[in-house]
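Worksheet: one structure, shown below.
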Amino acid sequence: MAEAEEDCHSDTVRAEDDEENESPAETDLQAQLQMFRAQWMFELAPGVSSSNLENRPCRAARGSLQKTAADTKGKQEQAKEEKARELFLKAVEEEQNGALYEAIKFYRRAMQLVPDIEFKITYTRSPDGDGVGNSYIEDNDDDSKMADLLSYFQQQLTFQESVLKLCQPELESSQTHISVLPMEVLMYIFRWVVSSDLDLRSLEQLSLVCRGFYICARDPEIWRLACLKVWGRSCIKLVPYTSWREMFLERPRVRFDGVYISKTTYIRQGEQSLDGFYRAWHQVEYYRYIRFFPDGHVMMLTTPEEPQSIVPRLRTRNTRTDAILLGHYRLSQDTDNQTKVFAVITKKKEEKPLDYKYRYFRRVPVQEADQSFHVGLQLCSSGHQRFNKLIWIHHSCHITYKSTGETAVSAFEIDKMYTPLFFARVRSYTAFSERPL
């Protein structure tokens with residue numbers, strides 16, 4: 001046993017003397033071999049508990065060898081990660097230059113070294129040897145920087161010749177770039193994009209162009225004017241919303257970039273045949289269309305014609321479609337947070353030309369009356385879309401006689417014939433801008 005301990009001491013001293021002259025690979029191999037020998041010697045004498053002082057040199061040698069092996073392994077992992085990072089950035093450069101095949105090879109080599117290298121670094125520009133860009137940003141501070149995207153973009157704006165530049169031309173051109181325009185002109189253009197039809201969807205798409213357009217599209221004045229046009233004086237205060245944009249997106253409202261449509265189908269019994277052997281049954285189908293406008297006007301049409309032929313006619317209020325009802329609407333929010341839409345609509349008045357042929361004949365006077373329909377709908381959401389469903393809650397007919405001033409009210413029973421109306425977006429409604437916001 002003493003000879004074994006002496007061998008352990010001699011091997012430890014010899015390993016320390018030769019460590020400086022060996023390569024890193026040989027050092028790692030020797031360290032593993034010494035660790036194995038020390039463990040093997042320790043396992044040969046498991047019952048020797050009284051000679052702890054004699055075993056301390058061997059245990060110390062084993063601890064130092066383990067520490068050396070761990071340090072060597074850590075250096076190797078760090079070198080491997082640096083190599084993978086270099087290959088990944090090289091692959092990014094090749095991909096930006098259009099060499100996709102070469103980029104795939106570098107990506108594969110980088111991921112073979114470190115599989116999650118993509119999530120350990122982010123890059124600002126492609127790495128070049130001439131200093132065009134070899135910098136990368138660690139992912140530690142990204143979440144805090146991108147928490148408020150608008151503030152982050154505003155901090156990134158560049159100032160050139162004391163003039164605020166919202167965007168920069170990507171390529172040099174002899175023509176005038178849009179970034180040269182003053183801020184007031186750009187905001188006026190954005191108000192034309194929104195237009196009097198409140199096409200905020202186009203405004204959101206325009207904000208995806210560049211950082212400067214994103215800032216212009218988040219201008220509070222545009223969203224404040226849109227809210228005032230929808231809710232009027234009832235939206236003077238922002239509470240409980242934090243911004244005008246949040247109010248417009250979250251507060252219940254009717255949509256203007258399309259039409260609400262419902263389809264009703266029922267079976268009606270027909271007349272009996274002459275010979276009395278059978279009785280016909282008819283399947284009746286008709287549609288209801290409701291179109292809202294931002295200025296408070298509304299159109300309603302009930303017809304058996306399908307949407308393909310009716311929807312294009314409802315683009316403007318100056319339609320020549322017969323039997324169309326025109327009127328005004330208002331939004332009402334009850335204490336139970338249910339938003340309802342109330343509308344009063346009348347038939348489109350048509351001026352009849354005077355009939356001079358019978359002007360000398362005396363006619364029987366006809367009692368003149370004004371007819372209007374009162375409609376109540378509940379606004380709600382369905383599926384992934386918001387504010388796209390209208391449920392009938394009231395429908396009545398009011399007839400006012402001009403001679404006496406009396407009004408007769410006939411309320412219709414809301415049954416299964418009043419099917420809910422669902423919103424359908426129509427792109428042609430917002431394809432043109434007639435007036436700015």
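The values are calculated or read from the model by the stated rules, or taken from the named source; none is laboratory data. Fair warning: this is a prediction, and the values are worked out from it, not measured in the lab. All Cβ positions, even for glycine, are placed from backbone atoms using ideal geometry, and neighbour counts span all protein chains on display. We work out accessible area using only protein heavy atoms, side chains counted, and drop any ligands, DNA or RNA first. Shrake-Rupley method; radii C 1.70, N 1.55, O 1.52, S 1.80 Å.
Structural remarks
- Any hit, region 236-249, residues being open to solvent by less than 80 Å² (accessible area, probe 1.4 Å) and assigned to a strand (DSSP E or B): no
- The listed residues are T303, T316, T339, and the only one of them that is at pLDDT below 85 and of a type in the set (V, I, T) turns out to be T316.
- When restricted to residues that are farther than 21 Å from A323 by Cα, of a type outside the set (K, R) and out of contact with any Cys (no Cβ under 9 Å at 6 or more places or on another chain), region 378-400 contains 9.
- Helices (runs of 4 or more DSSP H) contained entirely in region 120-216, each with at least 2 residues that are in contact with an Asp or Glu (Cβ under 8 Å, 6 or more places away or on another chain) and modelled with pLDDT of 85 or more: 183-194
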